[in-house]
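See structure below.
Every number in this text was worked out from the coordinates using simple rules, so none of it is lab data. Remember, predicted model here, so these are calculated numbers, not experimental data. Here the Cβ positions follow ideal geometry from the backbone for every residue, glycine too, while neighbour counts run over all protein chains shown.
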Amino acid sequence: MAAETDLKKDAPIGPAKAGGEAGLAKVIVITSGKGGVGKTTTSAAFAAGLALRGHKTVVIDFDVGLRNLDLVMGCERRVVFDFINVINGDANLNQALIKDKRHDNLFIFPTSQTRDKNALKREGVERVMEELKQQFEYIICDSPAGIEHGAITALYFADSAIIVTNPEVSSVRDSDRIIGILASRSRRAERNEPPVDVHLLLTRYDPARVAKGEMLAVEDVKEILSIPLLGVIPESESVLRASNTGTPVVFDENSPAGRAYVDAVARFLGEQREMRFVQPERRSFFKAIFGRA
Amino acid sequence: MAAGNLVQGALFTVMVVRAAMLRDSDFEHELAQQIGRSPRFFQNAPVVLDLRGVENFTEAAEFERVRDKLRALTLTMVGVQNAQPAQLEAATGAGFASFAPNASTQPRAAGPATPPPVSKARLVTEPVRSGTQVYARGSDLIVTAAVSPGAELVADGNIHVYGALRGRALAGAAGDEAARIFCTRLEAELISIAGRYLVSEQLPPDTRSFPVQIALVDDQLTITRN
């Protein structure tokens, strides 16, 4: 690449091509309808996971006014310009993008904490998306909760969607609603293009509680939502620790949740991997007494 | 012309008697013999008087005479065809209907010339997600996937769900009490036919998750396991 001075704009940037047309970036929305199910954690983990696999990836915070992604990514002290500044033309893209310190392929695009969702003007977002597509292979959109303007804007440009769902009925119903919205109100739907490809990611899964009937089982959720399962992320203390230290959980190799995210990223890239962490763990006598390490 | 469900078209077989032949005394005799061979068939059978080629029958009294004559043979004269304007006026005055002029052996009943158009059922092959409503206006609705909780199916005709029905289903939405709901797995939040409804907790437990059909019988929503 170094020898080439005449770099084509549409040439693939990373070692592997993103899905779809040659060199075209793929937009992935992380969404759920319901709040608090793990969208931001998943956005951070997925973006980091794709970067670790060698794909140049940016993760955008669409939750205008409730900025969190920068905290989870541990770059909150480096935010100068944000998504809304770029939409409004007050700053250019490269001024606002924050390069992750842990990985060269990973960039964070923070949002504004002082504005609200109405600042997300569709034309402006479209322009920014087109610009990002020139630089990145994967664009991860961290959606706000709800089904209003912010969430709709976050999913509008998506090629793929990861539906983050907790194993409980209200989360499943909200996921179902957002899948319906993806099928009717995304840009692909409006233009009669092939539909957004939708994946289920089950988070905060606790096989022991499923066994006791306190949580919906993977199969139940799959059956209700009838979309392919990308992964099951076990309930894990490491997730909270990762959020609080600003480290995406995939960087924690000892964390079951981190390993489950690595698997999910691999499946997203087309690999076959066995589902882990869906059976109740056999707890040893000592673990039962002293709690899990 | 047709006012919704108040007026419906139908086809009937009606005998036609040619007025020109009535003058023949043998005709009456032969007719009486034929009726004698299958009296049940001719009991109160409707008859249309074909006026082709006759010039009289411009007075109501003439129609009444034929009516009485046919009555004596157990036939009921209901109308005329191929009538001239003056004949038609007299026939109408005597209380007879006018049938389409050119039909000869099987005149159509009065009313819409063709039955109401049958609209194709609306077909949905993707899962119906929470928050979406599908309305099949003036037709049946067929869904070949699951219907999620919080989704709503509405059809003026029948509803068929080849999958789990977990949302709401309202058949006969325009008032058709003959509409039915069919599904391969009943887990609905609400079912309704022509405005009568049952909510989830009123559904008999022994029908839950089973393939069923739902119909309105004596004004009661009746669920039958298939």
Directionally averaged shadow of the stretch B:139-186, computed from the convex hull of its alpha-carbon atoms, nm²: 2.8
Kirkwood hydrodynamic radius of the stretch B:54-96, from inverse mean 1/r over distinct Cα pairs, in Å: 10.3
Translational diffusion of the stretch A:55-135, µm² s⁻¹ [Kirkwood Rh, Cα pairs; Stokes-Einstein; 10 °C; 1.306 mPa s]: 126
Cα long-axis angle, helix B:25-37 against chain B (0 to 90 degrees, to the nearest 10): 40
B:Thr132, A:Thr203 arranged by Cβ crowding within 10 Å, fewest neighbours leading: B:Thr132, A:Thr203
Taking the convex hull of Cα positions in the protein assembly as shown, its mean projected area over all directions (nm²): 39.3
Neighbourhood charge, 12 Å Cβ-Cβ cut-off, centred on A:Val125 and excluding it, Lys, Arg +1 and Asp, Glu -1: +1
Distance between the stretch B:116-162 and the stretch A:77-138 - C-alpha centres, whole angstrom: 42
Packing-based exposure ordering (other Cβ within 10 Å, fewest first) of A:Lys39, A:Lys117: A:Lys117, A:Lys39
Sequence of B:Met77, A:Met275 once ranked by neighbouring C-beta atoms within 10 Å, starting from the fewest: A:Met275, B:Met77
Chain A: angle of helix A:256-268 to the longest principal axis, Cα-based, in degrees nearest 10: 50
DSSP bridge orientation in the protein assembly as shown - percent antiparallel, rounded to nearest 5: 20
Within chain A, percent of DSSP bridges classed antiparallel, to nearest 5: 5
Entries in A:Lys26/A:Lys99; A:Lys34/A:Lys212; A:Lys117/A:Lys222; A:Lys101/A:Lys121; A:Lys39/A:Lys117; A:Lys39/A:Lys133 that, when Cα-Cα distance is taken, lie over 27 Å: A:Lys117/A:Lys222; A:Lys101/A:Lys121
Mean ellipticity per residue at 222 nm, deg cm²/dmol - from DSSP H runs of n ≥ 4 across the protein assembly as shown, formula -39500 (n - 2.57): -8000 deg cm²/dmol
Of A:Ser160, A:Ser186, A:Ser170, the one that fluctuates the most in a GNM where chain A has Cα springs shorter than 10 Å: A:Ser170
The stretch A:25-89: C-alpha gyration tensor shape, a/c 1.5 cut-off, then a/b vs b/c: rounded
Reciprocal mean inverse distance between Cα atoms of chain A - Kirkwood radius, Å: 19.4
Nearest-ten-degree value, helix A:39-52 long axis tilted from longest Cα axis of chain A: 70
